[in-house]
Amino acid sequence: MNKTIFVLNGPNLNMLGKREPGIYGGKTLKDIEADCIAAGRDYGFSVDFRQSNHEGVLVDWLHEADDKAIGVAINAGAYTHTSVALHDAIRAISVPVIELHISNVHAREEFRHHSKIAAACKGVICGFGPASYVLALHALKTMTD
Ligand code: CA2
């Protein structure tokens, strides 16, 4: 059986580890990908880990996930707070989607307090640093068993 999870990353997440370690920690996105692949191995998932700075690419990947994956963990970066297109794409697919964030967006600037995608997702995980990714995979494990 296909047990692929898409882990999708939005704008600027390719900069992790290079700037703002006080907010996002010192890990690079490559390090986080390795953590996800290792967690996936424990959970019996193969992890397809991607990053794009372009909203439409993220929309395309969500559509692709509907055919190729059993679930999606998405850190949509700043598009979380702005994107009706991502909200609609998540609603358009039938596999479960978990929204995740490295930082606690509720403890930050007001403009980060609202998510346009949360209501379309099965759940939201934020504030646990890079471990938020592994927690999202754990959540998907419980939902797809
Ligand atoms: O906490 C998260 O995971 C965020 O999704 C990260 C986004 C931010 O816009 C969200 O509000 C919360 C930012 C992506 C990373 O941005 C960087 C900026 C400078 C240096 C390194 C990363």
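Every number in this text was worked out from the coordinates using simple rules, so none of it is lab data. Being a predicted model, the structure only gives us computed values, none of them experimental. With ideal geometry, Cβ positions are generated from the backbone for all residues, glycine too; neighbour counts draw on all protein chains shown.
For region 1-13, a residue qualifies if it is within 16 Å of the ligand (Cβ to nearest atom) and farther than 15 Å from Val134 by Cα, and the qualifying residues are Gly10, Pro11, Asn12, Leu13. Do the conditions hold for Ala39, that is, is it surrounded by 19 or more Cβ atoms within 10 Å (Cβ to Cβ) and among the aliphatic types (A, V, I, L, M)? Yes; evaluated as a whole, the condition is true for this residue. From the list Val95, Val72, Val124, the one residue that fits, being touching a Pro at 6+ places or on another chain (Cβ under 8 Å) and of a type in the set (Val, Ile, Thr), is Val72.
Restricting to region 118-128, and then to whatever is assigned to a loop (DSSP other than H, G, I, E, B) and more than 9 Å from the ligand (Cβ to nearest atom), can you tell me which residue is surrounded by the most Cβ atoms within 10 Å (Cβ to Cβ)?
Selected residue: Cys121.
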